[in-house]
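Where a number appears in this text, it was derived from the coordinates with a stated rule and is not lab data. What you see is a predicted model, and the numbers here were worked out from it, not measured in a lab. In this analysis, Cβ positions are derived from the backbone assuming ideal geometry, glycine residues included, and neighbour counts consider all displayed protein chains.
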Amino acid sequence: MNDAAPAPHTPRRARVRAPELIGKGGWLNTGGKDYTLADLRGRIVILDFWTFCCVNCLHVLDELRKLEERHRDTVVIIGVHSPKFVHEAEHQAVVDAVERYEVEHPVLDDPELATWKQYAVRAWPTLVVIDPEGYVVAQHAGEGHAHAIETLVAELEAEHEAKGTLRRGDGPYVPPEPVATDLRFPGKALRLPGGTFLVSDTTRHQLVELAADGETVLRRVGSGERGFGADAFSEPQGLALLPDGKVAVADTVNHAIRTFDPETGEIATVAGTGKQWWQGSATSGPALDVDLSSPWDVAWWQDRLWIAMAGVHQLWTYDPATGTVEAAAGTTNEGLVDGPAAEAWFAQPSGLAAAGDRLWIADSETSAVRWLDTDLVVHTAVGTGLFDFGHRDGAASQALLQHPLGVTALPDGSVAVSDTYNHALRRYDPATGEVSTLATDLREPSDAVLVGGEGSGDPEIVVVESARHRLTRLRLPEEAVRVESVAHRTQRAATEVGPGKLRLDVIFQAPAGQKLDLRYGPSTRLLVSSTPPELLASGDGADTDLSRDLVLADGVTEGVLHVSAMAASCDDDPAIEYPACHVHQQDWGVPVRVVEGGTERLALVLAGMDEAAAE
């Protein structure tokens, strides 16, 4: 916390009254009470527009925890859940997510994006700050804005304390009743050599060893309290057996790779500093000196531990022999682009499975199954991109998944897919190029483990039913369950743009008390591309200017503009010898539809917007 006196208040232009909070799903974490902005008058309100599939949104939840604790008597954080996927519009799924990620503030379930539209939000996550008199004072897209918001909160506290408009006291948060189960939102599972199962009990920050029946608890590993000590994890996910018999653990919210020794019970950190990786940080080096970002799964392949680095849309590797890590595939841009590993794009890779000359990848945000070959070339087996998803079997080129989190290699060379948001176990067969459904009526399956099959009849597969808090055993092969084909596109409405020239403006204003960092040249970067690539006749590529003229090609009527913007700012105080610097970054996927009379300007807010800046 910054103990220095807040900067003098600078009068703001064009005071804009905050729109009301509305959502058909109702309120969570309030003890059954509905709230209006009038009920919160006198408090500083921070709206967090999030959706639970989005790893950047999960990062923001963690960033807000400290601010929430420090300013508990003046600040009320309201999560506005704004779904991308169809499953995320289900009320029970939102209830589960609020518990799964330990959201300790009220949440408005807005399945129809009503409040999202009222606030003209364009990206997940977006933070909106409302002052004690009910006026919008700031909006920030993306993550990494905790420092700027902390400074603004201190300024608003001082200003409204002096005016007599600040009301201190307890907030509206009412915790839900705890539920007793052996597992709570388990993430991944691993079969140990002795036939038992090791499960990452994500919400309880532990590993749990279950007997061969998949039900009997043999031991718990870790204190159960969120932390980064010798006996603590923070939302662990992926597990992989290492050649020395230890288990590698993707300690997701600690941004680290840990090891667990089943023989001695020892927990150790082998990669990561506990801090989140940001643009400009090292991408290779001694493993304990390099920051990581939300490692979600791990797999041993080609004499390395491969890491699904969901937080930066990449694959990394850890080499135990040298004690080093390095980024191995992906550019950090979010999307679906195949090709050489260094040029490929991923979108929250969340599941890995090694199978001979292939490393299978569940690329969750593109609802895709992809694979990496031994020449380090990325291929897509199933999936088309960020905005198309559903449940459709048949030829892989036409098949659809919905946010899969796990892949499991099967003995015949095919791969089972934990199709999480479809509540199904699917199968992709490279030999036929077909996708089929093996089982339905699973509840958010996030991983699966193959058991049996070694000359003793048909193998079985044990599925992690995350939202049912259990492991479920299925027989393989099973007759495929025929389900009606369903295709979806994200609920987010396309922006209607006019044909021809389109002005793109990414609005960035350094937060109060900061300035652009120009010590080593331009401190901003803008990267633009499109799906399909033919959408843009010109204007794609990278440059340092945050404004650009795009030209839409004739004959292409719809698509997605992919915009990635970055700006660096530092504390603007000559008295500070070593000013702290901050990187602001956001990726947008903006669905567009080309129509006569559509807008000729697309404005995206990166950070620091005041009320009149986007007009």
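Taking chymotrypsin sites (Phe, Trp or Tyr not before Pro) across region 387-476, none is in a DSSP loop with at most 16 further Cβ atoms lying within 10 angstrom of its Cβ.
With the charge dipole of the chain set up from +1 on Lys and Arg Cβ and -1 on Asp and Glu Cβ about the Cα centre, the Cα lying farthest toward the positive end among the listed residues 196, 541, 98 is that of 98.
Take every Cα pair under 8 Å whose residues are at least 6 apart in sequence, average their separation, divide by the length of region 182-329, and the relative contact order is 14 percent. Taking a sphere under 10 Å around the Cβ of residue 273 and counting the other residues whose Cβ falls inside, with K and R at +1 and D and E at -1, yields a net charge of -1. So what are the ³J(HN,Hα) numbers for region 273-289, from phi and the Karplus equation (6.51, -1.76, 1.60; θ = phi - 60°), rounded to whole Hz, Gly and Pro as x? Couplings: 9, x, 9, 7, 5, 10, 3, x, 6, 5, 10, 6, x, x, 4, 7, 10 Hz.
Relative contact order of the chain, taken over Cα pairs closer than 8 Å and 6 or more residues apart, is 10 percent. Neighbours of residue 380 by Cβ distance under 11 Å: Lys/Arg scored +1, Asp/Glu scored -1, total -1.
Going by the alpha-carbon gyration tensor, a ≥ b ≥ c the square roots of its eigenvalues, is the chain rounded (a/c under 1.5) or, if a/c is not under 1.5, prolate (a/b greater than b/c) versus oblate? It is prolate, given that a/c is not under 1.5 and a/b is the larger ratio. Work through the residues other than residue 197 whose Cβ is under 15 Å from its Cβ and net out their charges, Lys, Arg +1 and Asp, Glu -1. Summing Lys/Arg as +1 and Asp/Glu as -1 gives -2.
Extension gain, residue 213-residue 39: 0.36 nm per intervening residue step, less the Cα-Cα distance, totals 57.5 nm. Identify, among 474, 510, 316, the residue whose Cα sits farthest towards the positive end of the charge dipole of the chain, taking +1 on the Cβ of Lys and Arg and -1 on the Cβ of Asp and Glu, with the dipole about the Cα centre. Positive-end residue among those listed: 510.
One decimal place: the segment residue 73-residue 505 gains 151.8 nm when fully extended, by the rule 0.36 nm per residue minus the C-alpha distance. Ordering 101, 318, 135 by the number of other Cβ atoms within 10 Å of each residue's own Cβ, fewest first, gives 135, 101, 318. In this structure, the pairs whose alpha-carbon distance is over 22 Å, taken from 84/188; 24/84; 66/246; 84/117, are 84/188; 66/246.
What dipole magnitude, in Debye to the nearest 20, does region 240-388 give about its Cα centre under +1 on Lys/Arg Cβ and -1 on Asp/Glu Cβ? Write down the numbers at each step before the final one.
On the way: 6 positive and 20 negative charges, 35 e Å.
Charge dipole, region 240-388, about its Cα centre: 160 debye, nearest 20.
Relative to one another, the C-alpha centroids of region 74-153 and region 171-185 are positioned 20 Å apart.
Apply the a/c threshold of 1.5 to the C-alpha gyration tensor of region 276-340 and tell me whether it is rounded, prolate or oblate.
Since a/c reaches 1.5 but b/c is at least a/b, the shape of region 276-340 is classed as oblate.
The charge dipole of region 8-125, taken about its Cα centre with unit charges on the Cβ atoms of Lys, Arg (+1), Asp and Glu (-1) only, comes to about 800 debye. Relative to the longest principal axis of the Cα atoms of the chain, the long axis of helix 91-100 lies at roughly 90 degrees. The mean sequence distance of close C-alpha pairs (under 8 Å, at least 6 residues apart), as a share of the length of region 78-150, puts its relative contact order at 27 percent.
Which shape class, rounded, prolate or oblate, goes with region 65-134 when its Cα gyration tensor gives a ≥ b ≥ c as root eigenvalues, a/c under 1.5 marks rounded, and past that a/b bigger than b/c marks prolate?
Cα axes put region 65-134 in the oblate bin.
The residue list 604, 129, 278 was ranked by how far each Cα lies along the charge dipole of the chain toward its positive end, using unit charges on Cβ atoms, and 129 comes out on top.
When the dipole is taken about the Cα centre of the chain, and only Lys, Arg (+1) and Asp, Glu (-1) are charged at their Cβ, what size is it in debye, to the nearest 20?
Numbers: 51 positive and 92 negative charges, 181 e Å.
The calculated dipole for the chain is roughly 860 debye.
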